[in-house]
Amino acid sequence: MGAVHPRVLGYLGRALSLELSAVQQYLTHASLVESWGDQEAADRFRRETVEELRHGELIVQRMLKFGVAPAASQLLAVSHGPDLLALLHRNAALENQLIEHYAEACRFCTLVGDSDNRGFFEGLWQDERHHAEDLSSWMASLGSHPMAQASRASF
C-alpha cells in the first residue's frame, strides 16, 4: 500500500479506541443484566460484543497493512445505569460517537481523495448505523424513544 495520510492513521487509532470501548461496555452490560436475571438481554449484548470486536480486528489489520503498530490510546469508561433501558441509552450514545467518528473520517477521506480508506470507513459507518437502528428498535419495544439523531449523520 502507498503512503497514507497521517490524519487517516489518527482516525484509525481513535476508531480502535472507540470500538474496544464498546467491547468493554457491552461485556460489562452483558454480565450486569445476567446478574439481574435477564439472560436474553445478556445474550444480545454478547452478540454486540462480538460485532464490535470484529470491527476492532478489521482496524488492527488495516493498521498493520500500513505498517503501524495498533494501540488503543484511550478507552472510555464504562457507562452503566440502574436498568436495561438506561443501559440501552448509554449504548446508543456510544454507537452515536462511532457513527459520528466514521462519518467524519469519510468526509476527510473524500476531501483528500482517498477512496480506498473512505470505503473502509464507510463500511464501518454502515455497520454502526445498523447497530444504532437495532438499539433504537429495542428501546422502542421497551416503550422509550431513543436519542438517535446522530444515527442519521451523513458524510
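Bear in mind these aren't lab numbers, they're just calculated from the coordinates by the rules spelled out. The structure displayed is predicted, hence computed values, not measured ones. So basically every Cβ, Gly included, is an ideal-geometry build from the backbone, and we count neighbours across all protein chains shown.
List of remarks:
- Treating r as the C-beta distance of Val78 and His130 and R0 as 30 Å, the FRET efficiency rounds to 0.85.
- Computed label-point distance, nm, for sites Lys65 and Gln39 using a 7 Å Cα→Cβ extension: 4.1
- Taking only the C-alpha atoms of region 6-143, the Rg (one decimal) and the largest Cα-Cα distance, Dmax (whole number), read 15.5, 51 Å.
- Helix-only CD estimate at 222 nm, as mean residue ellipticity for the chain, using -39500 (n - 2.57) per DSSP H run (n ≥ 4): -26000 deg cm²/dmol
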